[in-house]
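Q: My structure is below; once you've seen it, I'll send some questions.
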Amino acid sequence: MSGLPPIPTQPPNPDEWAAFAHHLEQYLQQREQAQQAQIATITQAAQQAATTNSSPQVVGLGIADAIKDAVKDHLFAAISNAPSTAAPSQTSATNPTRPSKIKVATPEDYDGDMSKTDNFLHAVSLVHQSDRILYGDSTDGHRNRILVTLSYMNKGRAAAWARNRNTTMHDDEQHGTLPNWDTFLAQFKLAFADPNPKATAQAKLENHRMTEGMDFKTFNSTFEQYQSDTGYDDEALLRLYKRNISSRLYNLVYGSYPQPKTLQSWKDRAFAMDNAYQEKLQDDSQVRRRTNDTSHTRSYPSRTTTYSAPKTTTGFSASTPTYTTAAPSTASTNDVVPMDVDASRRPNRRCYNCDEMGHISRYCPHKREKKYTVRELLQLLTPEEKEGKKEKKEDFQEARE
């Protein structure tokens, strides 16, 4: 009797499944015939032991073998009753059922820039996780991971590296070396990743400050992006967080009660304070908008100013340009002279030149008298006036003595 045929490999092949079903059917028929023969043997041995008083040991061994075969028959019967014994249909064999592929964003073309390496590897990892059959742990899965990663490296020095790596992988397969994703990833990081990511993260976190106009959420997310790579403990990270947030948020959080003590509690409190501050700004903006909508705009009468260039005295004539500017105003039915309006608004003032009311000395209509200094007045005095002035001065000094 032939043994149990091997189960076909996955994914199933229609021809293999048909041959397996045929061999299994023949095997079960043979097992059924053998089982009936064993039952007949056991019955005959029992009858012989009863008539000839045979050794119990021999009979016992025959029964034990029969029990073992019965157990085997039970196992093979379970295999025969399994629903997978029948050959699958042509449709299910040619189109095997597989989980639907998750659609993820396509990674941006990589040019070898070290600052973009982490984001590129993250995007490629999402592509690999979106289809675990195509990018599985088999040899083909490792090859597919490498090939799809190389396909996005098509700019700058990354393109040249990708071409060389593809040629090397092909040559290695020709010599029996199978592609491995972990080996490829180590070579990729050696060529493009930051050689000292810890020091880089520390420098970026030290210089990451919340400047004027920066959104708090942007500051907080960037801080969390670098903090895990610095190697700092929570105490050092809390010191940097307090120092780098804006003074406004620092004062609000520090003055709140109860005062936070840990890094996460500082983040949560600063987040709540910033949300409250943003809501206040929105409310103030709405109040100002409503106030502006209800206010009245003050209108002024139109005013036109005309400027004419002065006449020339050089012996030749020139065109005289005229500049006219008009200010917007509301329509008015009254014939009001603009200068009269200004004059009516101007209070009564005294002129320092003529000592009259209604104008100032700058616009005084009277001829201004010439003013003399003390030295000029002395020169205008006659000798008699000078002598008299001298006598008065002497009398004044005698009076003081």
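The values are calculated or read from the model by the stated rules, or taken from the named source; none is laboratory data. Model, not experiment: these values are computed from the prediction. Backbone-built Cβ (ideal geometry, glycine too); neighbour counts: all protein chains shown.
Q: Can you find even one residue in the range 125-143 that is modelled with pLDDT of 90 or more, under 27 Å from P197 (Cβ atoms) and among the basic types (K, R)?
A: Within the range 125-143 (the criterion being modelled with pLDDT of 90 or more, under 27 Å from P197 (Cβ atoms) and among the basic types (K, R)), the answer is no, since none of the residues qualifies.
Q: Something else: Restricted to the range 355-378, and to residues that are part of a helix (DSSP H, G or I) and surrounded by 10 or more Cβ atoms within 10 Å (Cβ to Cβ), which residue is modelled with the highest pLDDT?
A: First pass over the range 355-378, keeping only residues part of a helix (DSSP H, G or I): 361-363, 374-378.
From what's left, surrounded by 10 or more Cβ atoms within 10 Å (Cβ to Cβ): 361, 376, 378.
Values: S361: 79, E376: 73, L378: 73.
Per the stated criteria, the residue is S361.
Q: Residues T218, T222, T211: which one is part of a helix (DSSP H, G or I), out of contact with any helix residue (DSSP H, G or I) (no Cβ under 8 Å at 6 or more places or on another chain), β-branched (V, I, T) and exposed (fewer than 12 other Cβ atoms within 10 Å of the Cβ)?
A: Exactly one residue qualifies, and that residue is T218.
Yes or no, residue by residue, for (1) in contact with a Ser or Thr (Cβ under 7 Å, 6 or more places away or on another chain); (2) aromatic (F, W, Y); (3) closer than 27 Å to K198 by Cβ; (4) exposed (fewer than 10 other Cβ atoms within 10 Å of the Cβ):
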position	(1), (2), (3), (4)
T230	no, no, yes, no
Y241	no, yes, yes, no
L249	no, no, no, no
S256	no, no, no, no
Y277	no, yes, no, no
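Q: Hey, another quick one. Taking the range 125-159 only, how many residues are assigned to a helix (DSSP H, G or I) and of a type in the set (S, T, Y)?
A: Step one: of the range 125-159, the residues assigned to a helix (DSSP H, G or I) are 125-129, 139-151, 156-159.
Still in the running and of a type in the set (S, T, Y): 125, 139, 149, 151.
Matching residues across the range 125-159 total 4.
Q: Of these, Y257, Y277, Y352, which one is modelled with pLDDT of 55 or more, within 55 Å of the chain's Cα centre (by Cα) and part of a loop (DSSP other than H, G, I, E, B)?
A: Details: Y277 fails: part of a loop (DSSP other than H, G, I, E, B); Y352 fails: within 55 Å of the chain's Cα centre (by Cα).
Within the list Y257, Y277, Y352, the selection yields Y257.
Q: Within the range 194-208, track down each residue that is assigned to a helix (DSSP H, G or I) and of a type in the set (D, E, K, R).
A: So in the range 194-208, the residues assigned to a helix (DSSP H, G or I) come out as 197-207.
Hits for the range 194-208 are K198, K204, E206.
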